[in-house]
1. Is region A:110-190 best put as rounded, prolate or oblate by its Cα gyration tensor, with a ≥ b ≥ c the root eigenvalues, rounded for a/c under 1.5, and otherwise prolate when a/b is larger than b/c, oblate when not?
2. Which aspartates and glutamates have a Cα less than 20 Å from the Cα of B:LYS211, not counting those fewer than 8 places away in the same chain?
3. What's the Kirkwood radius of region B:191-318 in Å, using all Cα pairs?
4. Normalise the Cα radius of gyration of region A:7-210 by 2.2 N^0.38 Å (N = residues in it) and let me know the number.
5. Would you mind giving the mean number of other chain beta-carbons within 10 Å of the Cβ of each residue in A:69-81, as a whole number?
6. Report, for the protein assembly as shown, the % of DSSP beta bridges that are antiparallel, rounded to 5.
7. With 45 Å as the cut-off, how large is the P(r) tail for the protein assembly as shown, expressed as percent of Cα-Cα pairs?
8. What length, rounded to one decimal in nm, is gained on full extension from B:LYS146 through to B:GLU266, with 0.36 nm per residue of separation minus their alpha-carbon distance?
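No lab work stands behind these numbers, since they all come straight from the coordinates. A quick note: this is a predicted structure, and the numbers were derived from the prediction, not measured. Here the Cβ positions follow ideal geometry from the backbone for every residue, glycine too, while neighbour counts run over all protein chains shown.
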Amino acid sequence: MVETPSVSRQNSGEADEISQLKIGVLALQGDFIEHIHMFRKLGIEAVEVRKPSQLAGLDGLVIPGGESTTIVKLINMFGFAAELHAFVDRGGALWGTCAGMIVIARELTDPYPEPLGLMDICVSRNWFGRQVDSFEDQFEFNGIEGGPFLAVFIRAPVVESVGDGVDVIARLADGKPVAVRSGNRLATAFHPELTDDSRVHEYFVAMVKEGATVR
Amino acid sequence: MDSTSTPGTSTANGTHAKAWREGSKPEVGNWREKSGLAQMLKGGVIMDVVTPDQAKIAEDAGAVSVMALERVPSDIRRDGGVARMSDPDLIDGIINAVSIPVMAKARIGHFVEAQVLEALGVDYCDESEVLTPADKAYHINKWEFKMPFVCGATNLGEALRRIGEGAAMIRTKGEAGTGDIVNAVTHAREVLGEIRKIQHMDEQELMTEAKNLGAPFDLVLEVHRTGKLPVVNFAAGGIATPADAALMMQIGVEGVFVGSGIFKSENPPMMADAIVRATTHYNDPDMLAEISRGLGDAMAGLEASKLPDDQRLEKRGW
């Protein structure tokens, strides 16, 4: 893979700030290791989070792709729900990819599973259909430069509606929102961690950095 | 960086997929989508189910996927006869009962059973030695399908042959329907040990190694370079307890299939839940001790080494 120099590492002062950031990836189930590799390539410390106590000291947290019913069950089983709310409330940046987007939603169009309500969005699971309907697409991502972003959709969800203060930052050609941001919260219906393009990870790192500065 | 590059093609199998697309046949499937679904299953448990009710129990317990079957392997073993693809009505019933991905089995080499499964909307096809093989020499050409395939393997050469044919996920075979973990351990150690060996070989030695393994040379090169299989690797065949699942994870697989081990145990919902938890916290003995308590009896076991040769499912596949 060709590594893109991170925009935020262009001078040494900022490099110091970056080197102090610590991002966790929820490692209960799914493709958490791909996220960790992507952050490490960007020079960011990234760790697996399997217990709520491991949220302490993190500046950002990613809930990865996986099976949303499984991840929600394990989150509740191991006592993560209240701790995740506390983490976001104290300014920690949060990013959900695919299953992670479902997990952090306020509401789902399905009766199951019960999402955590960490972001004011309503999400439809498996919106495009079954695995044979999985696809790739390219589109612009508001706030990310360098041309269209190649996105992999695997049994993917879409955002049906957003609450006040939630910005849609990427859409499919038919207008369906597939990336949304609200302050320190980001959700993408696709999997930037499965490509070689690290621009969405860099975008999240910039969010994490903003949050770390505010605190 | 070229944002329109296709990362799937940076792997040897991505190159195969690209060659296939650019060849005389129309594009079927996309390597990154097919192997990507397996990435989403990692750290998870895939459970065999024979009814929609069992599928619900599995989903509620946190299974990442279910395998829709007419009989679990231990019953196939007991009943004998020819084991075939499941009835489409049964598969439909299970697809309609759950929101997680549904897998189903086709016989080795039986590409028409696979075509039927794809038409039914099955999310992953297991070309499986648990069913009676339909072809004594050839496996399905999995590049011809948009539906991804998982295949069994007992060693690295077999795993790489299946990947060369287009399998987007591998599971070590173990010995299905026994509840005896020994062959699952043997096969996982075989695959992972051979990977470690190739990783440390001199490049000059790789062609001979490819010849000895009976494996595609470009995939041997990729294993040498990356130190891992080009696709996700689960364990199967004999997992019956949370400790069994954690053992396989610690040995180095990325998730587990549990066949007869759940619905042939005394308390399936509790066993299913415990195996899911153990697969997440496989490296935490204190957690595993708690998880292993009070589960009732595991499935009745059958010692794999006492099986006559003609009943060893691991021998099926070429």
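1. In terms of gyration-tensor shape, oblate.
2. B:GLU158, B:GLU165, B:GLU190, B:GLU194, B:ASP202, B:GLU203, B:GLU222
3. Taking every pair of different Cα atoms in region B:191-318, averaging 1/r and inverting gives 16.9 Å.
4. That ratio works out to 0.95.
5. 4
6. 25 percent
7. Counting every Cα pair in the protein assembly as shown, those more than 45 Å apart make up 11 percent.
8. Between B:LYS146 and B:GLU266, full extension yields 39.3 nm more.
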